[in-house]
Structure formats: C-alpha cells, structure tokens
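Shown next, in structure tokens, is the structure this report addresses.
A short reminder: the numbers here are calculations on the coordinates, not readings from a lab. Note that the structure is predicted; figures quoted are calculated from it, not measured. Here the Cβ positions follow ideal geometry from the backbone for every residue, glycine too, while neighbour counts run over all protein chains shown.
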Amino acid sequence: EPEVTQTPSHQVTQMGQEVILRCVPISNHLYFYWYRQILGQKVEFLVSFYNNEISEKSEIFDDQFSVERPDGSNFTLKIRSTKLEDSAMYFCASTKDANTEAFFGQGTRLTVV
Amino acid sequence: GDSVTQMEGPVTLSEEAFLTINCTYTATGYPSLFWYVQYPGEGLQLLLKATKADDKGSNKGFEATYRKETTSFHLEKGSVQVSDSAVYFCALSANQAGTALIFGKGTTLSVSS
C-alpha cells in the first residue's frame, strides 16, 4: 500500500540552527501538508501546498518556516533559527484531491536543545 | 474560527467494554468530520469519516454519526480489544479545496485484558 514517508524519524538540533524535514508524499497525490504536535497538545496545521505554491498557511507558519518541492517527489519543511518551542512532532500528509482522505507520515520528532 | 473539542483522556477500559469518545465541533458551513487513530510509534491513520449530516462512518467495529443538530461526532465501539489501545483524534475539514484538517487534542485509550 502506498505510504507517506518522512525522514529523519528523530532530529536533535541546537537552538539557532536550521533544520530541514523531509517528506515523500504518495506519488499521484496533488495536495501536501505539514502539521505539528507539541507534546501533550493538539495536532496543528502549518501549511498546505498545491501546484507548486502555498495554498493556505496558519499563523504559526511565519517567516521562520518555508516549504519547497525541490523535485517531483520530495516535499520539505525548513525551519530557520530554531527555538526551544519548535520542539514537536512534525507530520507530513498528502491527499489525492481536495477533501479526500489525508495520508500521514509517521512523523519527525524534532528536539531543539 | 472552526474548532474541535473532544473529551480529555486517558480512557482506561477492560477488554470487551463499550467505548464512547465524545467530540463536538464549531464550524461555519458544512464540514466533513473524521476520526483518526495513532497507534504507538506510528503516524495518523484515518479510522472513519462522514461528509454530511446524518451520515454514519464505520470501520473496524467503530462507528460515529454526524449530528448537525448537536454539532457532534461521537466515536463508539461495542466491544474494545487490547489492540485498540491508541490515541484517537477527532477532526474536521471545511470542504474547500485544499483546506487543512482541524484536530481535537486527542484522547488516549488504554485497554487491558
């Protein structure tokens, strides 16, 4: 069964450093998403991406964050100058069409120290 | 804005007990409603969904009915198993192209034999 894959599964980084979280969505899917879940809190939407541009973003997704689809398969989330409060589980998801089932990756646990 | 509220956990049950996890929502328009499940160490998986009022979603013995009059989408299962132990998330989507999911905080279910 096709699946969304994320790498790495766990990333530890020093405060102030840049990190890139990687995702490979399902190959025939058109919409891509990043969510995050701070420990003990709800899953929060960050950004959605369609047709090579951001289609929607939340208040969390400020200038510190950027997304890119550098080739036909990868979808990346870059976090510049990481802060302690960026520590969270980051989930990538993709959907074939608008409002069809979202398939989630297993997540990347980011720890900022 | 749109939001989802679900009952706080953890919920601890014995095998074969009846399960209810309450979920209510606030939304403009007519959202689609979802239950996602996260098993230990895995990503989010769609458990069931309903796209309009009075629809019943069902999967793996779980059921939830979209109740517009009470803005609810409670998850039920008649007889839980140890393998149902997981975190359950209620979510909504505003039914527009590429619109992200809005999640509740999640409810941890622990089933003992």
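Worth a mention:
- For segment B:5-64, applying the loop criterion from DSSP together with a ceiling of 14 other beta carbons within 10 Å to the GluC sites (Glu not before Pro) yields B:Glu8, B:Glu15, B:Glu16, B:Glu42.
- Relative to the Cα centre, the charge distribution of chain B, modelled as +1 at Lys and Arg Cβ and -1 at Asp and Glu Cβ, gives a dipole magnitude of about 260 debye.
- Loop-located GluC sites (Glu not before Pro) in segment A:8-79, at most 11 other Cβ atoms within 10 Å (DSSP): A:Glu18, A:Glu59
- Surrounding net charge for B:Lys77, when Lys and Arg each add one and Asp and Glu each subtract one, Cβ distance under 12 Å: -4
- Projected label distance in nm at B:Ala53 and A:Glu1, using a 7 Å step from Cα toward the beta-carbon: 3.3
- The charge dipole of the protein assembly as shown, taken about its Cα centre with unit charges on the Cβ of Lys, Arg, Asp and Glu (plus for the first two, minus for the last two), comes to roughly 60 debye.
- Pairwise FRET efficiency - A:Asp97 versus B:Phe18, Cβ, R0 = 41 Å, nearest 0.05: 0.70
- Isotropic mean projected area of the C-alpha convex hull, the protein assembly as shown (nm²): 12.3
- Given R0 = 35 Å, the distance between the Cβ atoms of B:Glu76 and A:Val24 translates into a calculated FRET efficiency of 0.50.
- Proximal charge balance of A:Val47 [Cβ under 13 Å; K/R count +1, D/E count -1]: -3
- Eigenvalues of the alpha-carbon gyration tensor of segment A:1-92, scaled by 5 and square-rooted, set the equivalent ellipsoid semi-axes at 21, 14, 13 angstrom, largest first.
- For A:Lys78, the lysines whose Cα falls under 23 Å of its own Cα, not counting residues fewer than eight places away in the same chain, are A:Lys42, A:Lys57.
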